[in-house]
Amino acid sequence: MPNQSLKEKVVVVGAGAKNLGGLISRTFGADGASVVVHYHGDSAKASADETVKAVKAAGGDAFAIQGDLTKVPAVAELFDEAVKRFGRVDIAINTVGKVLKKPIVETTEEDYDSMFATTLKRRTSSSGKRRST
């Protein structure tokens, strides 16, 4: 069986500060990867900093970056910063999502559009033209 090591791999984790994304970031870091920990808003900054600290303590390298991944320029900046810091991106994982906590009959078109953009737009916006690194 081929070696499946994450050592020296570079991983970008969308919403990588807490919950599932934080677990993925910490796990990959403990396996030797360099991790780019994305977080969306100021309320997640402390979690992002804690995750970066945990990755480094486990032997990996990491940094955190904030951005609204519903905006294509923020997606580009996320990957540009990863390449600037670590030289390349080997793996990209997206755990960003938005949960709308109200009955479906109360959901407006604006609510739906916001949820759709948050959950799906990022997944397709960075899959277009491959950028050279």
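The values are calculated or read from the model by the stated rules, or taken from the named source; none is laboratory data. Computed from a prediction, not measured in an experiment: that's the story for all the values here. Reconstructed Cβ throughout: ideal geometry from the backbone, glycine too, with neighbour counts over all protein chains shown.
Tabulated data for the structure shown
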| item | result |
| --- | --- |
| Among (1) surrounded by fewer than 17 Cβ atoms within 10 Å (Cβ to Cβ); (2) part of a helix (DSSP H, G or I); (3) touching a residue at least 12 places away in the same chain (Cβ under 8 Å), the one test that Ser5 misses | (2) |
| Residue in region 65-82 that is in contact with a helix residue (DSSP H, G or I) (Cβ under 6 Å, 6 or more places away or on another chain) and more than 25 Å from Met115 (Cβ to Cβ) present | no |
| Meets criteria (part of a strand (DSSP E or B) and modelled with pLDDT of 95 or more) for Val89 | no |
| Residues within region 27-62 that are surrounded by 24 or more Cβ atoms within 10 Å (Cβ to Cβ) and either modelled with pLDDT under 95 or not hydrophobic (A, V, I, L, M, F, W, C) (or both), tallied | 6 |
| Residue check, Glu50 touching a strand residue (DSSP E or B) at 6+ places or on another chain (Cβ under 6 Å) and among the acidic types (Asp, Glu) | no |
| Residue count for region 92-109, restricted to those that are outside any loop (DSSP other than H, G, I, E, B), of a type outside the set (D, E, K, R) and more than 20 Å from Phe28 (Cβ to Cβ) | 2 |
| Leading residue by the ranking (farthest from Arg88 (Cα to Cα)) among those in region 24-77 that are part of a strand (DSSP E or B) and among the aromatic types (Phe, Trp, Tyr) | Tyr39 |
